[in-house]
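Quick notes on the structure that follows.
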Amino acid sequence: MVIVAALCGLTGVGAIAATLMKNDFIAVVGVVTALSLLVVTRSFGHTEFHLMSTRLRRLAGSMTSFSAPVQTVLHDEKLHLNGDHNWKLLWETLTEFAQRFEMDSVELMVHLPRIGEEYHASWKRKTHTPNHDEWKSEIPLIVHDMRVGYIRVAGAVGEGSICKWISDVIGGLEGFESELVCLIEDLRREKPADREAALTETHYESLLN
């Protein structure tokens, strides 16, 4: 709150200075400085800034990929938005599942603001599946009646019986689910829920929609 109040004062001083000196650029500099400090101090917008910068880098990479050698995996990006827990093994389990069932892309979002953990990762491979033939699904991750995030998967439908193929895909996620439950239980024991952190849950809820 002190940081926010100080930055509000900064923008106010900038507005007054711009009026007295008849130079709107001073007010713009004050606002940009305040927003930058909010992001740097993680008071506001830090998560959104990381997600936006990751997508911009991915877009820039796709625009220049014509000069790079052909790769099977187009990108495999991990972003620790908050906390210090190691989610690498869980993510590897999910990407192994995606490769085994020849998925075109998979995305993981772990959302645990009450214990200070936020993790996002995405994986995409080169595919020749037309977009209109690709199936997509968003699966909520529920542990002990608590939503802890989601996974999004996309790919071509397998050959043979569609019912058997779907059954195999669901069965392929069992290892990931078991690992996720164990990780969440360990985290809840190590990091008891912080009451103050619960106030930020509304802000992060938009990431799950």
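The values are calculated or read from the model by the stated rules, or taken from the named source; none is laboratory data. No experiment lies behind these values; they were computed from the predicted model shown. Cβ sites come from the backbone with ideal geometry, for glycine too, and all protein chains shown count toward neighbours.
Name the single residue, out of those in the range 13-44 being modelled with pLDDT of 70 or more and outside any helix (DSSP H, G or I), that is farthest from the chain's Cα centre (by Cα).
K22
Does T72 fit the bill of being more than 19 Å from the chain's Cα centre (by Cα), at pLDDT below 70 and of a type in the set (V, I, T)?
Taking the combined requirement at face value, the residue does not satisfy it.
Which one is surrounded by the fewest Cβ atoms within 10 Å (Cβ to Cβ) among residues in the range 73-113 that are out of contact with any Gly (no Cβ under 8 Å at 6 or more places or on another chain) and in a loop (DSSP other than H, G, I, E, B)?
D84
What residue, among those in the range 136-178 that are among the small types (G, A, S) and touching a strand residue (DSSP E or B) at 6+ places or on another chain (Cβ under 8 Å), is surrounded by the fewest Cβ atoms within 10 Å (Cβ to Cβ)?
The qualifying residue surrounded by the fewest Cβ atoms within 10 Å (Cβ to Cβ) is S137.
Would you check which residues across the range 156-174 are among the small types (G, A, S) and either farther than 12 Å from F97 by Cα or touching a Ser or Thr at 6+ places or on another chain (Cβ under 6 Å) (or both) and list them?
Answer for the range 156-174, where residues must be among the small types (G, A, S) and either farther than 12 Å from F97 by Cα or touching a Ser or Thr at 6+ places or on another chain (Cβ under 6 Å) (or both): A156, G158, G160, S161, S167.
So, in the range 119-135, of the ones that are hydroxyl-bearing (S, T, Y) and assigned to a strand (DSSP E or B), which residue ends up surrounded by the fewest Cβ atoms within 10 Å (Cβ to Cβ)?
S122
Would you mind telling me which numbered condition in (1) out of contact with any Leu (no Cβ under 9 Å at 6 or more places or on another chain); (2) at pLDDT 70 or above; (3) not polar (S, T, N, Q) A60 fails?
(2) is the only condition that A60 fails.
Check the range 76-91 and report whether any residue there is closer than 19 Å to G172 by Cβ and polar (S, T, N, Q).
no
Since P192 meets every condition but one in (1) over 24 Å from V73 (Cα atoms); (2) modelled with pLDDT of 90 or more, which condition does it not meet?
Result: P192 passes all but (2).
Quickly run through the range 158-181 and pick out the residues that are out of contact with any helix residue (DSSP H, G or I) (no Cβ under 7 Å at 6 or more places or on another chain) and part of a loop (DSSP other than H, G, I, E, B).
E159, G160, S161
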